[in-house]
Each structure stands twice: as C-alpha cells, then as structure tokens.
Amino acid sequence: MPTSPTPMDPIDVFWHEGMLKHETGTGVFDSGMDPGFLDVLEKHPENSDRVKNMLSILKRGPISPYISWHPGTPALVPQLLSFHTQEYINELIEADRNGGKMLCTGTFLNPGSWDAALLAAGTTLSAMKHILDGCGKIAYALVRPPGHHAQPTQADGYCFLNNAGLAVQLALDSGCQKVAVIDIDVHYGNGTAEGFYRSNKVLTISLHMNHGTWGPSHPQNGSVDEVGEGEGFGYNMNIPLPNGTGDRGYVYAMTELVLPAVEKFEPDMIVWVVGQDSSAFDPNGRQCLTMNGYREIGQIVRSLANRHTGSRLLIVQEGGYNVTYSAYCLHAMLEGALNLSNPLLSDPIAYYPEDEAFSVKVIESIKQYQQDTLPFLKEA
C-alpha cells in the first residue's frame, strides 16, 4: 500500500468549465413555474453561481496553495453503462436530441445539460482514475449537475448521471475489493444506495435530513430499515437525522456510527460524497452545520482514509445551494481533509446556537438498531 501523504500534499481538483452550461432556469424555487404575480423570479437552486463561488474560493482563497488543478473530460456512453441501464441512457440522449425535457420535479434537462452531465460523470471518473493510477491520494471532483439521486433507471433530485456511483464501480473494476461511500449531503443518497443495494463490496452510508420519499422519482425513504438486500443485506446504512442536528450532533453521528462501521468494513477505497446543503443557511436543508462542523467531518474522513486506504480518498461534489456559505463550507471541508492544524478561513457567521441533546438520543437509537440488525457489525 502506498505511503500516507503529509498534510502539505495537495488536493487534486478536477474541473471543466463546460459544466457551467447546464442552465436550470428561473421560477418559484425549483419548479420552473412563473405564477404571473411575482416581479422577481429566483434562479433554480442548482444554478451555476454556486459552483462559480466554489471554484473561485479554491483558486483565490487561503486554501489555494494546497490545490492542484486538473482538467475534466466527458464520459463516453459505454462508460455510463457500468451503473445505468441502456434504456435510461437512451431516454436522456433522446431528450437532449429533442431540445430538452423535465424528467421529474425540479429536474430539467435543457440544451447544454446533457453535455454538462457527461462532463460531470467523466470528470469524476478522471479523478478516481488519477487515484487508482497512483498519481495522487486525495482528489476532488468539482462537478455539476450533481449525481447521487440518479438511480440506474431514472433521474431524480436535479441529478441525471450518478457520478459517485460510476466512480465506485470503476474502483471495483480496477481491483479494489471494498469501497465505502460516506454521503453527507442533506438529502438521502438514494441513487448510489440503489445501485449497490445488493452488493457486499460497497458500504453505502448516508447522513441526511429525515425527509422520507418525495414521489415516484425518489421512492426510497432513507429510513434505518432500508439496509440492503441479498448479498448486500446490512451494507446500506441510513442515518436520518432530525432537523437542526448541528455540528456536535453530526460529529457524534460520525464518531458513534460511521467511524466504527468503516473500521469494521475495512475498505481499500473511500468515496466521500459531499453537499453543503446541510449548512445552517441552505435553502434546501435544515441541518445547521457550520464551517467548524464540516472541518471536523473532513478530519474524521481523512483519518479513516489514513487507516484503511493508504490515504486514498475521492471527494465528489453534490448539493449546496447558498451561493456564498456553500463555498465557505467547502473550504472548511477541504481544510479538514488536508488535516491542517489550524483553520485557514474564519466563519463569516461564526456562531449558530445548537442543542444536540435530541439528536444524540436519535443517534443512539439508530446505533442500537444497526448493532442488532446489520450482520457485519456483529462479526468478531
């Protein structure tokens, strides 16, 4: 196994500006609807501004000396078939050929969207290949449109192609025996879970707001009892957290649930699926994380990578819709992944009141359920 990097080694960031060409429009929140009585229609939450700020804070923020930039490339259709069905890919190609389509609520494939989706998938695959080829240890795929809701057969939640799922399958196809996915986006990573729901080679862990199903495109509940099937029974771990869980609650969940599960699973690759929509000021979430919480989560994930994967860690961007604070929280997350001794950037909000007492009770009940139910946690 390769030696661990020093904290001064860079994060290899993969990016392509073509992903900015995915236009999601305006309307009432993410509906694309103009009711006719509003003078100002807001941009769809998943718009290019959010990623432009993420890009700029990494290029010009205090973390910039720790970043190495790499170009992304579009995925080829045959590569997509490692996770998605041919029928679904054909549907997307046809929608693009016909000038676009609303695939499900809030999810618009417009002119330019398919090319951006191919870039997002290919850029994530390039980042994973960079790690697998031994060219770097920590790579971050700064991509949009996001992907973790996209299931093998359908789009969902602003997502067309499952970028992280494709990267996980590439790792398995390249010789990795076990891959752990840690998803901290505020919404359940249902697409990634669905893709590996019957596999014991992938441990999918999702910490998310307890939002349940939201319709035909998202039939999964994200509840604790969705644990996998067949050989995959026990290898899907859902951690639905109450609204307002906050920094201390998330760190408690990471320490009490995620850390021991990954230790037990012993992966040789970790994919960290990140969304800053768990932050205190995101329009799509209510989980109240601040920069400090993201930084601590990053440190925990990095420690797991150090112990199990020779420090190999792929980070894949998902949600995060407050145009300013998402960029700040990304900065803090990557500071944590670098395991820097001191914060490089102060929080512009600095303080958000929280009480983790209820969250801790919920986490303890989840812990008991998982210990009683998931076979791999019971093994000696």
Of the candidates Leu125, Leu103, Leu109, Leu142, the one satisfying the condition of being in contact with an Asp or Glu (Cβ under 7 Å, 6 or more places away or on another chain) and among the aliphatic types (A, V, I, L, M) is Leu109
Gln368 vs (1) of a type outside the set (D, E, K, R); (2) under 22 Å from Lys264 (Cβ atoms); (3) open to solvent by less than 10 Å² (accessible area, probe 1.4 Å): all pass except (3)
When every residue in the range 170-200 that is polar (S, T, N, Q) and buried (at least 22 other Cβ atoms within 10 Å of the Cβ) is compared, the one nearest to Ser303 (Cα to Cα) is Thr192
If we keep only residues of the range 139-169 that are of a type in the set (Val, Ile, Thr) and buried (at least 24 other Cβ atoms within 10 Å of the Cβ), then the residue farthest from Ile63 (Cα to Cα) is Val168
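Residue by residue, here is whether (1) out of contact with any Lys or Arg (no Cβ under 6 Å at 6 or more places or on another chain); (2) part of a strand (DSSP E or B); (3) of a type in the set (Gly, Ala, Ser) holds:
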residue: Leu161; (1), (2), (3): yes, no, no
residue: Ala164; (1), (2), (3): yes, no, yes
residue: Ala167; (1), (2), (3): yes, no, yes
residue: Leu170; (1), (2), (3): yes, no, no
residue: Gln177; (1), (2), (3): yes, no, no
residue: Val181; (1), (2), (3): yes, yes, no
residue: Val186; (1), (2), (3): yes, no, no
residue: Thr192; (1), (2), (3): yes, no, no
residue: Arg198; (1), (2), (3): yes, no, no
Val362 being surrounded by fewer than 22 Cβ atoms within 10 Å (Cβ to Cβ), among the aliphatic types (A, V, I, L, M) and farther than 16 Å from Ser206 by Cβ: no
The strands (runs of 3 or more DSSP E) lying wholly within the range 54-132 that contain at least 3 residues that are under 16 Å from Thr24 (Cα atoms) are 101-104, 107-109
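The values are calculated or read from the model by the stated rules, or taken from the named source; none is laboratory data. Every value quoted in this text rests on a predicted model; they were computed, and no experiment measured them. As a convention, Cβ positions derive from the backbone with ideal geometry for all residues, glycine included, and neighbour counts pool all protein chains shown. The accessibility values were calculated without ligands, DNA or RNA, using every heavy atom of the protein model including side chains. Shrake-Rupley method; radii C 1.70, N 1.55, O 1.52, S 1.80 Å.
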